[in-house]
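The values are calculated or read from the model by the stated rules, or taken from the named source; none is laboratory data. This is a predicted model, so every value here is computed, not measured. Heads up, the Cβs are rebuilt from the backbone with ideal geometry, glycines too, and the neighbour counts pull from every protein chain shown. Accessible surface is based on the protein model in full, side chains and every heavy atom, while ligands, DNA and RNA are left aside. Shrake-Rupley method; radii C 1.70, N 1.55, O 1.52, S 1.80 Å.
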Amino acid sequence: MKIISSPAEMTAFSKSARSNGEKIALVPTMGALHEGHLSLVRKAKELADTVVVSIFVNPTQFGPNEDFDKYPRQLEEDAAKCEAAGADAVFAPSVSDIYRPDASTYVNEEDISRYLCGKTRPKHFRGVTTIVTILFNIVRPDIAVFGEKDAQQVSIIKRMVRDLFMGVEIVTGEIVRDENGLALSSRNKYLDKMERLGASRLHAALEDGRRLCIEGCSNVDRIKAHVINKVTNAKTRVIYVEIVDAETSLPMLEAVPGKSRISAAIWYGQTRLIDNIRI
Ligand code: PAF
């Protein structure tokens with residue numbers, strides 16, 4: 001497995017794979033890889049001949065008071081995990097490899113990005129769509145694989161790829177959870193053992209919300225109130241709970257089994273967690 005830091009070398013690697021008739025899949029990540037990421041790498045390997053995992057903590061998607069500086073960075077460990085999962089290359093550029101000091105071009109999705117995480121993280125999705133476009137331009141993948149835990153991110157990337165005729169197939173991988181139901185996330189590293197156990201109440205509350213809907217309740221306010229009530233305790237602060245369209249992540253006026261998703265973000269102590277569940 002190759003570890004590449006230069007964008008030019010990455011493009012040359014992909015060009016050579018393509019000239020050999022190989023299909024290329026990209027798994028974009030910010031590193032601190034866990035089983036959720038590795039399941040995406042394995043899925044990519046089933047769908048393509050050459051799998052590239054990008055590892056880049058992208059500064060443009062973090063707000064001024066967010067965790068860019070303390071975000072876990074562990075390239076050696078991550079590269080070993082990628083190799084074991086079947087990746088052919090890790091692309092790990094530095095910030096200066098990607099952004100020129102006078103970079104002034106961004107990609108902005110302007111509909112879905114207004115809701116959910118977009119409300120409290122104003123430039124976050126602009127950073128995501130910009131870096132994903134940059135990665136697509138460098139790696140030139142046929143397929144890109146993203147995790148469903150970031151369902152709103154997936155909806156936004158699908159919209160961007162459609163609107164801008166990017167010609168990359170977007171594939172998703174299911175949420176991977178720990179034994180208590182907590183969705184795996186690189187930010188779980190901020191939680192100690194007891195906190196991880198406590199934070200699993202988010203998934204339990206979403207499950208309860210889904211149950212309410214499946215039992216016949218379509219009233220979004222009732223479902224939201226139910227989930228908020230279940231998740232709230234001394235350590236949690238709810239950022240949002242919303243019933244959204246499972247495909248577009250846009251808010252729905254009624255919950256519909258088979259079509260809706262409950263999406264939520266909370267602060268658990270000092271850690272921001274997101275999760276969702278299909279109804
Ligand atoms: O989901 C993530 O880890 C990031 O938002 C992504 C897609 C790698 C872009 O930096």
Under the Karplus relation 6.51 cos²θ - 1.76 cosθ + 1.60, θ = phi - 60°, what is the ordered set of whole-Hz ³J(HN,Hα) values for segment 199-212, x standing for Gly and Pro?
5, 5, 5, 5, 5, 4, 5, 5, 4, 4, x, 4, 4, 4
Once neighbouring chains are kept in place and the probe is 1.4 Å, which whole percent of the accessible area of segment 128-205 is contributed by carbon and sulfur?
49
Would you mind telling me the antiparallel percentage of the DSSP bridges in the chain, rounded to 5?
50
Calculated P(r) of segment 1-154 - Cα pairs past 26 Å, %:
24
In µm²/s, what is D for the chain at 20 °C and 1.002 mPa s, where D = kT/(6 pi eta Rh) by Stokes-Einstein and Rh is the Kirkwood radius from Cα pairs?
110
For segment 70-125, alpha-carbon Rg and Dmax in angstrom:
16.2, 39
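Using a probe radius of 1.4 Å on heavy atoms only, what accessible surface per residue do you get for segment 159-279? Whole Å² is fine.
On the way: 6200 Å² over 121 residues.
The answer is 51 Å² per residue.
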Looking at segment 57-158, which GluC sites (Glu not before Pro) are DSSP coil and have at most 15 other C-beta atoms within 10 Å of their C-beta?
E66, E110
Name the residue farthest towards the positive end of the dipole of the chain from the options T248, I131, V41, assuming +1 on Cβ of Lys and Arg, -1 on Cβ of Asp and Glu, about the Cα centre.
T248
So the pair-distance distribution of segment 169-279, from every Cα-Cα distance in 5 Å bins, comes to percents of 2, 13, 24, 23, 19, 12, 6, 1, 0
Of the listed links K189/K235; K2/K123; K119/K149; K70/K123; K119/K259, those spanning more than 21 angstrom between alpha carbons are K2/K123; K119/K259
Take the Cα pairs of segment 97-218, get the Kirkwood Rh, then feed it into Stokes-Einstein at 25 °C and 0.890 mPa s and tell me D in µm²/s.
146
Please list, by residue number, every one of the GluC sites (Glu not before Pro) in segment 164-223 that is coil in DSSP and has at most 13 other beta-carbon atoms within 10 Å.
E174, E179, E215
What percent does the relative contact order of segment 162-260 come to when contacts are Cα pairs within less than 8 Å and at least six residues apart?
19
If you place +1 on the Cβ of every Lys and Arg and -1 on the Cβ of every Asp and Glu, how big does the dipole about the Cα centre of the chain come out, in debye to the nearest 20?
500
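Classify segment 129-174 as rounded, prolate or oblate from the Cα gyration tensor: take a ≥ b ≥ c as the square roots of its eigenvalues, call it rounded if a/c is under 1.5, otherwise prolate when a/b beats b/c and oblate if not. All intermediate terms of the calculation are to be shown ahead of the outcome.
Values: a/c = 1.66, a/b = 1.43, b/c = 1.16.
The shape class here is prolate.
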Ratio of the Cα radius of gyration of segment 183-227 to 2.2 N^0.38 Å, where N counts its residues
1.43
Could you please tell me the mean projected area of the C-alpha convex hull for segment 93-142, averaged over all directions and given in square nanometres to one decimal?
4.4
For a bin width of 5 Å, list the pair-distance distribution of segment 204-245 built from all Cα-Cα distances, rounded to whole %.
5, 25, 35, 22, 9, 4, 0
